[in-house]
């Protein structure tokens with residue numbers, strides 16, 4: 001917990017008090033450009049509006065997915081998944097758990113340490129951590145920006161690489 005008189009608390013309070021500052025700066029920038037180059041500014045503004053509308057559905061889907069994921073999954077459920085099974089099945093479940101896990105990564109470190117202390121293989125932790133890079137909640141936005149083929153290939157390569165990393169970790173830390 002941050003102490004009430006700490007410099008970090010003061011900085012956070014200062015930044016929070018100006019939460020609309022970015023929006024005001026962007027609006028001021030557009031107004032200044034409108035005065036200098038009205039035609040180009042109108043095109044730029046229309047492009048920004050089009051981009052915003054293009055991202056509305058992905059943002060909505062991300063929001064719905066995150067709500068559902070937080071309602072129906074908990075870290076202890078992932079612990080059970082990683083501890084059950086053997087070999088390939090465990091690696092597969094570790095990959096799925098890594099993909100579906102939410103929250104900040106540092107919150108998972110104590111859970112992973114506890115799993116390691118209870119005998120979980122380091123390779124499973126490696127597979128889990130690599131697959132944290134795959135974020136299903138961001139897939140709709142990634143698809144709208146990069147296209148299906150890129151997102152599918154990136155996801156498949158990330159999952160495949162996680163198994164390679166797990167294999168290497170298993171060889172180095174038996």
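The values are calculated or read from the model by the stated rules, or taken from the named source; none is laboratory data. On a predicted model such as this, the values are computed, not experimentally measured, just so you know. Using ideal geometry, Cβ is built from the backbone for each residue, glycine included, and neighbour counts are taken over all protein chains shown.
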Worksheet entry | Residue count, the range 77-90 (criterion: assigned to a helix (DSSP H, G or I) and at pLDDT below 70) | 7
Item to complete: Examine the range 156-163 for a residue that is over 16 Å from the mean Cα position of the chain (by Cα), more than 27 Å from residue 72 (Cβ to Cβ) and touching a residue at least 12 places away in the same chain (Cβ under 8 Å), and state whether such a residue exists.
Response: yes
Discussion item. Scan the range 116-133 and tell me whether some residue there is more than 19 Å from residue 169 (Cα to Cα) and either touching a helix residue (DSSP H, G or I) at 6+ places or on another chain (Cβ under 6 Å) or modelled with pLDDT of 85 or more (or both).
Written reply: no
Worksheet item: Of all residues in the range 1-55, how many are in a helix (DSSP H, G or I), modelled with pLDDT under 85 and surrounded by fewer than 10 Cβ atoms within 10 Å (Cβ to Cβ)?
Response: 7
